[in-house]
Structures are given as structure tokens and as C-alpha cells.
Amino acid sequence: MVQVIFSQVLIMIMLCFAFPHWGLAEVVNETKIDEKVREIAKTLRCTVCQTENIWESGAPLAHQMRDVVRERVIQGQSADEIRDYFHSRYGDYIMMEPPKHGFNWLIWLAPFLLLLGGGALLWREIKGWVARTPAPPTETPPPLDEESRRRIEQELQP
């Protein structure tokens, strides 16, 4: 049994060395059009996946949207014109980076405002804890009497 498993593993290793190109990725030559399509597609949100751009999404709609971008690039439209086309059809949501105007400023500023508010709340709470902490006693404890001192010495001896 061990010899059978060993021979199968040996055959698999020999096949890996006999055909090494099977495990390697294919090199893709991108044209200028492909590069431009990729750069534009990375700025547009997939409406199916909602968290991926249309370049990385595997949804059929994203594939169709990439084809539209490619057609418009071939027609000679600029990146802004293509983004404006998708913006007119889908609104602000289609942009991976929401525009910085109007109500969208809240999206950009909210994390910083929440961090600032949380820091102020934390500072207030720590200040309250420090104020409520009792002061250490300033008077010295009374000295030990002889009986307590002997008992402590007895317990400390081995």
C-alpha cells in the first residue's frame, strides 16, 4: 500500500517537472486602450456587487459596463466624458469615490467628526474618574503593639 502511494506521488512530481508551464500565469500584453479602460473601470462601482468596481467584479452587468467603457474609449471619448455618461444613468452611487459636494461632505467628514466626538467623550470620562478617585491618606497608621509585632515575626520565621 505504501509503495502504491509513493509511486503515485513520484509520478505527480515527475509530471510537474515535465510540464512546468501549466502552473504559470499567462503574460498579458495590454494595449493603451486596455490600460485606459482599466483605469476608468476602477473608478466605477458595480451595481450588482456594490462593494467592487466594475474592473474587479465578475458580474455579467459589470462585464457589459466594461464593454461600454471600451467602446467609448475606442470612440475617442475622454475619461471624464465616460464617467459623466455613467453618472447621468446611475447617479452619484456609480462612482467609487463619492463627489465632494452637497450632502456628500458628510460622508467625507463623518469619520473624523465621530473620532473627535469619541475623544472628547473619553477625555470627559477620564477627567470624571480622576476627580472621583479618593486622595491617598495623609496620616500615618498607628504603630504596631508588641503582641502584633511578635505574631508577625513568628509567621515570617521558617
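The values are calculated or read from the model by the stated rules, or taken from the named source; none is laboratory data. Worth saying up front: this structure is predicted, and the values here are computed from it rather than measured. Every residue, glycine as well, gets a Cβ built from its backbone with ideal geometry; the counts of neighbours run over all protein chains shown.
So which residues in the stretch 1-13 are at pLDDT 75 or above and over 41 Å from the mean Cα position of the chain (by Cα)? Hits for the stretch 1-13 are Q3, V4, I5, F6, S7, Q8, L10, I11.
Which pairs turn up if I take residues in the stretch 42-65 that are closer than 16 Å to I82 by Cβ and modelled with pLDDT of 90 or more and look for partners that are surrounded by fewer than 14 Cβ atoms within 10 Å (Cβ to Cβ) and of a type in the set (F, W, Y) with beta carbon separation below 8 Å, at least 6 apart in sequence or on another chain? Filtered contacts from the stretch 42-65: R45/Y93. L144 satisfies every condition listed in (1) at pLDDT 90 or above; (2) surrounded by 10 or more Cβ atoms within 10 Å (Cβ to Cβ); (3) over 35 Å from the mean Cα position of the chain (by Cα) except (1).
Being modelled with pLDDT of 85 or more, in a helix (DSSP H, G or I) and loosely packed, with under 10 Cβ neighbours inside 10 Å narrows it down to one residue among A131, A110; which is it? It is A131.
For the stretch 99-106, check the following and say yes or no: at least one residue is in a helix (DSSP H, G or I), surrounded by 12 or more Cβ atoms within 10 Å (Cβ to Cβ) and either aromatic (F, W, Y) or touching a Ser or Thr at 6+ places or on another chain (Cβ under 9 Å) (or both). Yes: one or more hits.
Considering V48, V69, the condition of being under 18 Å from T31 (Cα atoms) and outside any strand (DSSP E or B) is satisfied by V69 alone.
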